[in-house]
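What follows is calculated from the coordinates using simple rules that are stated; it is not laboratory data. Bear in mind the structure is a predicted one, so any value in this text is a computation, not a measurement. FYI the Cβ positions are ideal-geometry reconstructions off the backbone, even for glycines, and counts take in every protein chain you see.
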Amino acid sequence: MNLAPDTSLAVTQASQGMATDKINAMKKALSDKELARIDETAKDFEAMFVSEMMKPMFEGIKPDERFGGGKTEEVFKGVLLQEYGKLMAETGTLGIAESVKAELIRMQSNTLEIDNNGGITDAE
């Protein structure tokens, strides 16, 4: 079946609207505590991801002998990268945490069902 471009667009927008409505219903079903935990988990994931992606950038940088170098500086570099990751995750500029959060909410919604009246029930 071929649909006119306007009809195809309308169908696509309607299906996206239904998906958005379902996600919004799931968000309402989740408690504020659960949403805060999901948000924290998503930000922690983004911070860890950014830290790991930055490690190769700092591998080639040799310690300045004026500051001592050695094992302590190696350990501090790891801590510094973790803090960089946390800072970048807090700013939300990369958007990884938002994508992870949306996926976690979607995964949570798989364990819940919306009945015909719009109520939320456990799928189990």
* To do: Could you give log10 I(q)/I(0) at q = 0.12, 0.20 Å⁻¹ for region 37-115, computed by the Debye formula over C-alpha point scatterers of equal weight, without solvent?
  => -0.47, -0.86
* **Theoretical FRET efficiency, 1/(1+(r/R0)^6), r = Cβ-Cβ of ASP39 and TYR84, R0 30 Å, to 0.05** => 0.90
* Asked: Each label point is 7 Å from the Cα along the Cα-to-Cβ direction; what then is the distance between the points at GLU98 and VAL75, in nm?
  -> 3.9 nm
* So, counting K/R as plus one and D/E as minus one, what does the shell of residues with Cβ under 13 Å around LYS43 add up to? -> -3
* Given the Cα-Cα distance of GLU59 and THR91 and 0.36 nm per residue of separation, how much length would full extension add, in nm? -> 9.0 nm
